[in-house]
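The values are calculated or read from the model by the stated rules, or taken from the named source; none is laboratory data. It should be emphasised that the depicted structure is a prediction, and the values quoted were computed from it without experimental measurement. Cβ atoms come from the backbone with ideal geometry, glycine included; neighbour counts cover every protein chain shown. Note: areas computed on protein heavy atoms with side chains; ligands, DNA, RNA excluded. Shrake-Rupley method; radii C 1.70, N 1.55, O 1.52, S 1.80 Å.
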Amino acid sequence: MSASSITPKMWTSLLLKQSSKVAVKSSAKFRVLALKSDGSTINRMEELLNLDVTPYTDKIIAEYIWIGGSGIDLRSKSRTISKPVEHPSELPKWNYDGSSTGQAPGEDSEVILYPQAIFKDPFRGGNNILVICDAYTPAGEPIPTNKRHRAAEIFSNKKVVDEIPWYGIEQEYTLLQTNVKWPLGWPVGAYPGPQGPYYCGVGADKSFGRDISDAHYKACLYAGINISGTNGEVMPGQWEYQVGPSVGIEAGDHIWCSRYILERITEQAGVVLTLDPKPIEGDWNGAGCHTNYSTKSMREEGGFDVIKKAILNLSLRHNEHISAYGEGNERRLTGKHETASINTFSWGVANRGCSIRVGRDTEKQGKGYLEDRRPASNMDPYVVTSLLAETTLLWEPTLEAEALAAQKLSLKV
């Protein structure tokens, strides 16, 4: 059999069919065993998966994506569209069986998908697309798990529109081994060394899952998601990526699509993704979804006073925000591991142990943004972003409550 250069596509074949193999020499003077490129069932499958159909048809594949009954699980299914589209309004509505996702009773199970945002499909390539949808009853009412609808109402309010709210969301996540549901890189049934060397760490004994993080980074850029960076986190097997700055409802659309892409990549890698805010109990960092937020007034001269007024409002609605900031967050917000206590609102400059952190640059320049460190990694970005806008731009506390809060927080507004 003739030898050929080894490509990434051949690695799976190398593992699956070692009976048919040839030797390939490399410049590093070691020998690699690989299947002949045209002799593998797996390789032929990959060729079909990578097939570019663009020269042969105008039709495209649209992957309709929606949020399932738990409020955090993602679902999707595909349909053929007659030609490429540029806007969600060009796509037809669709339906699914809500009784199978915990979103409708069996006797009236049809739920309608409304296309809302389009991204390029990094898995199928070409003109194929990913479509973020929200869900409605046949009568046109948003179902209870449709949080996008309410967020869109808030972001369409003129007061909010005029303030051009920006969001930068830091999504943390944990990778787990498939069969044991234990963090990637950890000894099964045991623990690695204590936290310290893993944050932004480099090396086989410090960084676990970098290929997944990098693959996700590139896939998001390809899709058109406004991803702005990534890094290894404090707990080994935990990673973070940042999305933004994004304006209004766009922030939620981009986070949900980025989560879908991450789920697909970990599916292909045979690794389990969890957004649990405290996946490992004990002296280990939890996983959050810190949300950086600013308005036009905060970004202009005198903006620090606007930020302090926003902090006052946030302190007065602390319980409402906590109840909407993710399931299991009480296991994470303990006052330890760079968190504030879930029961106490606090703020500070450059203090990562506070509910709200203000950066040194913001204090120095007198304008900028605030960081809400309370949201859990499994929060709904539609809920968190719209609630921040509602509390700081639309909700007005009584003067008495505001004065008491200002005194308690040592804020001069």
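The residues of the chain expose on average 49 square angstrom of accessible surface per residue, using a 1.4 Å probe on protein heavy atoms. A straight chain from residue 361 to residue 199 at 0.36 nm per residue would run longer than the Cα-Cα distance by 56.0 nm. Compared with the direct C-alpha span, the chain from residue 222 to residue 109 gains 37.1 nm at full extension, assuming 0.36 nm per residue. Residue-wise HN-Hα couplings along the range 156-171, as the Karplus relation 6.51 cos²θ - 1.76 cosθ + 1.60 with θ = phi - 60° gives them from phi, are 8, 5, 4, 4, 6, 4, 5, 8, 6, x, 9, 10, x, 10, 9, 8 Hz; Gly and Pro carry x.
When nucleic acids and ligands are ignored and a 1.4 Å probe is applied, residue 174 ends up with an accessible area of around 0 Å². Shown for the chain: the carbon plus sulfur share of the solvent-accessible area, taken with all protein chains present and a 1.4 angstrom probe, equals 52%.
Protection proxy ranking, highest mean first, for peptides 44-56, 116-128, 375-387: 375-387, 116-128, 44-56, where packing is the per-residue count of other beta-carbon atoms within 10 Å, averaged. With N counted as the residues of the range 54-186, its alpha-carbon radius of gyration over 2.2 N^0.38 Å works out to 1.26. Binning the C-alpha pair distances of the range 138-263 at 5 Å intervals from 0 yields a P(r) profile of 2, 10, 17, 16, 15, 13, 10, 8, 5, 3, 1, 0 %, listed from the shortest bin outward.
Relative contact order of the range 106-239, taken over Cα pairs closer than 8 Å and 6 or more residues apart, is 22 percent. What the Cα atoms of the chain give is an Rg and a Dmax of 24.0, 85 Å.
Between 0 and 90 degrees, the angle of helix 250-269 with respect to the longest Cα principal axis of the chain falls at about 30 degrees. For the set 211, 253, solvent exposure ranked by accessible area (probe 1.4 Å, protein chains only) runs largest to smallest as 211, 253.
Axis of helix 303-316 versus longest Cα principal axis of the chain: the two differ by about 90°, to the nearest ten degrees.
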